[in-house]
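Structure record follows, encoded as structure tokens.
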Amino acid sequence: MTNKMAMEWITAIDKRPCERNMRDCELISCRLRRVEPLCRLPGSALQQLAMCGFYEDLEKGVTLFRAGEQGRYWYAVLGGQLEVRYHGAETKDSKLSVTLCNLGVGATFGESILHDLPRDSTVVTKTTCELLRVEQEDFRLIFEKNKELMNDIISNCKLKNGFGQSMQTTSTVQSGINQQPSPTKKQLSPDHPNPALPITEAPSPAMSRMGWALRTLLVSDNTSCLKDRKVGGKFIRKCAPGTELVDWLQNLSPIVHTRTQAAGMWQALMEEGVLSHVAKEQPFKDKCFLYRFKVDEDGTAGGSPSSDDVSQANDHIREALPGLLHRGPDATLRMILRKPSHERTHEELELVYEELLHIAALSHLSTSIKRELASIIVFEAHAHAGTVLFNQGDEGRSWYILLKGSVDVVIHGKGTVATLKEGDDFGKLALINDAPRYTVMSGTPQKMLEHLLETRLGGQAGPNDPFLDDFLLTHIVFMPTPILIDELASTYHADTEVDMRTASEEDQEYFMTCKRRVVQFIQRWVLAVRHAVFDDPLAVEFIEEIATDVESEGLLQEEASIIHHVLTQLSRYQEDRQMNASQKWKLPPNGQPICLFSGNTHSTKTVIRPDDDIIFRVYCADHTYCTLRFPMSASAEIIKACAADKLQLARMPEDLLLVEVKSNGERMVYKDNDVSIPTALSLNGRVFVSPKDHLDALTPLPEQELPTEAIDMDFEALPTKDVAYHMTLFDWDLFWAVHEYELLYHTFGRHHFNKITSNLDVFIRRFNEIQYWVVTEIVSTSNLTKRMSLVKKFIKLAAFCKEYQNLNAFFAIVMGLSNMAVSRLNQTWDKLPSKFRKLFSEYEALIDPSRNHRAYRMSVGKLQPPVIPFMPLLLKDMTFAHEGNKTSLDGLVNFEKMHMMAQTMRTVRYCRSRHLVLDPPSPKNENEIRQYISCFRTIDNQRVLNAMSQKVEPRRS
């Protein structure tokens, strides 16, 4: 087969370009794709090369062109070697000829034809050579359409092969000769240190150890890219091109999903000096620039690694590689910030801008200001304590934001007056004049409410002022509803101790204004958080009391209309509640999602409520169990006591624990005041009750390692678009039931509010269910062809979910396909058509977590509702805002933190601000598909999934 392909390729390339057909061009393109760096060109460029390139098969000693000649062709080396010669001054006998370098496979040369410049050297074949020759006009067209990539290929080939000006510069640096820099190269100022150099004086122990482990594995692999190479006539020990280092790191571990992630990890090593560019001119780039480890540069690397070294390196990488992956995005950002503004690409500026959105010190600046900052902000590192950034009395030139460490503020005669920590900023003073008119940073709850009532109601606030909405969405954190109602009642009834008949006109107007503001507040409160107000008996009682008073007050006609509208909403809500009263849910013992056991099943958006009952099992260490029925709001303490009584555990309640045992054996102990226990279980988790001293005796049930029960139906037989459609409708109903407050309960802890998070629990559970369904189905399929077909179908399913803007399911499917049990199935992926491999790579790039999921955030930011968002990321944002910021500062509410959390909650509100309306596909098998997608077959034990994966595709020895 190989010989036949070779003959077909030769036949195709031997034809004149005008005689080639599409089959010929495809054969030539396939051959060019095997040549580095031409393989990095897009398919369209390779197709153009295939259509216009000439093939040359030359003997040894053939001169392609001489120095001084006018060029007509550009060349790429497909086989053999050539010499690049320089001819000096003439002597009596001949010209002095010096070999500058040798060009091997993959080298390109002759780009001087772009500018009609004469050849500056002579090129002669050193061995029998195969070349691709492209005429000047054709090359110009290809170059213009792919300028950036072609420039990279040309410059990288110069550096790699020591040809032309780049070779001379590299040689000078490597040999240590002190020469004046090229006048064309812009010198870096002190404000812009060389981004190729380390930011630390010495690597940290963790990064040194990681560098050792990676180098050990690279050196121990005889086929790896780390080799001795000749650059500019000089041997460089153990160096490798950036592209090959990225390839190697991606193949090393399944946690490295994208080339961007891998490049960031190498940059993290570079910024601490563990790795470096051979000429100290480039930060890490996924290009043909050469890099080497510091120990090889210093000559301190030692001998070949032993088998014990390799084993230790493998163990260390398994443990520490996630940490390096986490460092990568920050290292990439620091590298960009060390580059001069004019060298930052559009993509890099966008990345910096996205990062600035998450810096609290900049939260009050406008978008335009942040975009300008992205191009001028720079990174500074100070390794030594005691470094003076500026002195008292100096002219202010810079504004600083502290990312790591601390800074003391010292005033003459007073000493240290403050210590600034991470997230603080200093030095801005007159640099910022773009702050909004109203900015509430912190305050007591009462003062904030007072300020809000005085300045944010009655149309006083600007269109972009979120203070009122922030307060309404987050007040339960710092001002529980009973206290809020007391404060509002106090404001409304401010005239209680005043005789209105004798009060001045001004006082009467003031008291009426107070009443109007409270009514307007109630209207906005109900609008912002909807049913959460109506679920609170105190709030309902307060609203009804205000309504009675307003209707009896002749001066509040407009407010009477407002409160009547609120009462109408309340009445509708209470009717709906009554219709769905006494709902009973069931958590089946086989681990499938919770389902309605009885009650109203006609409502498509059934919300789980605190007083709804749920039926579930609680197990003992010997796997006996009892069945309990409790409200969702029942605490772990109550469930524990009742289960112990039924199971006849002769222990006091304080000696017992309520525990979830997951399918992998992991145990999670519940606090006594935890609520909504059954809905918070993992996919195949079970609730156990155990004495404290017998906790280690708890083991998973045998069936926890088996798939959850599901409808027996062949997924491959179902139309993919129909499945995506019904999945989206199902997921939308789950998403619709989640109240924004549940994000707060989840973040701060349900026990702080004594509120359930069951609707959010079920929606998160759905994400995990879809993810592990994908993995379970694939590793359960023993037939290779069928398994490949299944992977293809899941990629198509992800595409349809993305089209329907069901991003939660889209992420779950792609993450399922990226699971290590699936990603290791090389035979399956190799059999997959290239179109689907490419599509999946695009999807992996979209879910890439680097730079705080920047790719996803930019994509979702362009969508219009309705959208089912990626909920785990929203919860991560909530957790980030919570754990990274104190709730109160010196007794004052940190309202900046509340604003950050409200922003995420507003995202949920925006995503469902329009109803989901989709054109239904064919009605064929509609009921069966609905049943199938409501309950997937899943295994969530990664060890079991890995074993199943090994069984269907054993590891190659």
request  = Please sort by residue number the chymotrypsin sites (Phe, Trp or Tyr not before Pro) in the stretch 222-328 whose DSSP state is loop and whose Cβ has at most 13 other Cβ atoms within 10 Å.
outcome  = none
message = Suppose accessible area is computed on protein heavy atoms with a 1.4 Å probe; arrange GLU654, GLU928 from highest to lowest.
response = GLU654, GLU928
ask   = What spacing in nm lies between the two simple spin-label points modelled at SER913 and GLN578, each 7 Å away from Cα in the Cβ direction?
value = 3.4 nm
key: Accessible area, probe 1.4 Å, largest first, for residues CYS129, CYS18   = CYS18, CYS129
query = Alpha carbon centre of the stretch 204-268 versus the stretch 717-752: separation in Å?
reply = 42 Å
remark   = If the chain between ALA381 and GLU541 were fully extended at 0.36 nm per residue, the gain over the current Cα-Cα distance would be 51.8 nm
key: Karplus-derived 3J(HN,Hα), 6.51/-1.76/1.60, for each residue of the stretch 486-499, Hz, glycine and proline x   = 4, 5, 5, 5, 5, 5, 5, 9, 5, 9, 4, 8, 10, 7
ask   = Considering the dipole of the chain built from charges on the beta carbon (Lys and Arg +1, Asp and Glu -1) around the Cα centre, which of TYR55, PRO322, VAL779 is farthest to its positive end?
value = TYR55
request  = Any of LYS294/LYS339; LYS793/LYS951; LYS796/LYS862; LYS15/LYS796; LYS862/LYS924; LYS294/LYS876 with alpha carbons more than 30 Å apart? Name them for me.
outcome  = LYS15/LYS796; LYS862/LYS924; LYS294/LYS876
ask   = Given a 1.4 Å probe and every protein chain left where it sits, what share in percent of the accessible area of the stretch 451-541 is carbon and sulfur?
value = 49 percent
ask   = Got a sec? Charge dipole of the chain, +1 on Cβ for Lys and Arg, -1 for Asp and Glu; which of THR496, HIS899, LEU333 is way out at the positive end?
value = LEU333
request  = Would you mind computing, in nm to one decimal, how far apart the modelled labels at SER552 and LYS15 are, each placed 7 Å from Cα along Cα→Cβ?
outcome  = 9.7 nm
ask   = If you take the square roots of the eigenvalues of the alpha-carbon gyration tensor of the stretch 660-703 and sort them as a ≥ b ≥ c, do you get rounded (a/c under 1.5), prolate (a/b over b/c) or oblate?
value = oblate
message = Show me, bin by bin at 5 Å from 0, the whole-percent P(r) of the stretch 782-903 based on Cα pairs.
response = 2, 9, 17, 18, 14, 12, 9, 7, 5, 3, 2, 1, 1, 0
query = Any idea which of ASN222, PRO869, ALA196 is furthest toward the positive side of the dipole for the chain, if Lys and Arg beta-carbons carry +1 and Asp and Glu beta-carbons -1?
reply = ASN222
note = Carbon/sulfur accessible area of the stretch 778-906, % of total, 1.4 Å probe, equals 53 percent
At R0 = 35 Å, FRET efficiency that the Cβ-Cβ distance of SER922 and ARG857 yields, to 0.05 = 0.50
For a label point 7 Å along the Cα-to-beta-carbon line of GLN508, residues of the stretch 539-567 with backbone N under 11 Å = 555
request  = Would you work out the charge dipole size for the chain about its Cα centre, treating the Cβ of every Lys and Arg as +1 and the Cβ of every Asp and Glu as -1, and quote it to the nearest 20 debye?
outcome  = 4520 debye
key: Residue-normalised accessible area of the stretch 773-903, given per residue in Å² at a 1.4 Å probe   = 39 Å²
Trypsin sites (Lys or Arg not before Pro) restricted to DSSP loop in the stretch 311-357 with at most 11 other C-beta within 10 Å = none
task = Treat every Asp and Glu Cβ in the stretch 858-933 as -1 and every Lys and Arg Cβ as +1, leave all other atoms uncharged, and give the resulting dipole magnitude about the Cα centre to the nearest 20 debye.
result = 160 debye
inquiry  = Quick check for you: with a 1.4 Å probe and neighbouring chains kept, what is the accessible area per residue of the stretch 476-584, in Å²?
reply    = 55 Å²
ask   = Roughly speaking, what is the stretch gain from GLN250 to LEU149, that is 0.36 nm per residue apart minus the C-alpha to C-alpha distance, in nm to one decimal?
value = 34.2 nm
key: Whole-Å semi-axes of the stretch 730-819's equivalent ellipsoid (Cα gyration tensor)   = 32, 14, 9
The stretch 207-330, accessible surface, carbon-and-sulfur percent (1.4 angstrom probe) = 46 percent
request  = Find the accessible area per residue for the stretch 189-301; the probe is 1.4 Å, ligands and nucleic acids are left out, and the unit is Å².
outcome  = 40 Å²
ask   = What is the spin-label model distance, in nm, from GLN136 to ASP645 if the labels are put 7 Å beyond Cα along the C-beta direction?
value = 9.7 nm
ask   = Non-local amide H neighbours of SER888 (under 5 Å, H modeled in plane, Pro and chain starts lacking H): which ones?
value = ASN894
task = Divide by every residue of the chain the summed helix terms, -39500 (n - 2.57) for each DSSP H run of at least 4, and state the resulting mean residue ellipticity at 222 nm, rounded to the nearest 500 deg cm²/dmol.
result = -14500 deg cm²/dmol
Residues of the stretch 497-531 with amide N under 18 Å of the 7 Å Cα→Cβ point at GLN446 = 497
ask   = Between ASN194 and HIS623, what length in nm is gained on full extension when 0.36 nm per residue of separation is reduced by their alpha carbon distance?
value = 148.1 nm
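The values are calculated or read from the model by the stated rules, or taken from the named source; none is laboratory data. Nothing here was measured: the structure is a model prediction, and the numbers come from that model. Because the Cβ atoms are built from the backbone with ideal geometry, glycine has one as well, and the counts that use them run over all protein chains shown. We work out accessible area using only protein heavy atoms, side chains counted, and drop any ligands, DNA or RNA first. Shrake-Rupley method; radii C 1.70, N 1.55, O 1.52, S 1.80 Å.
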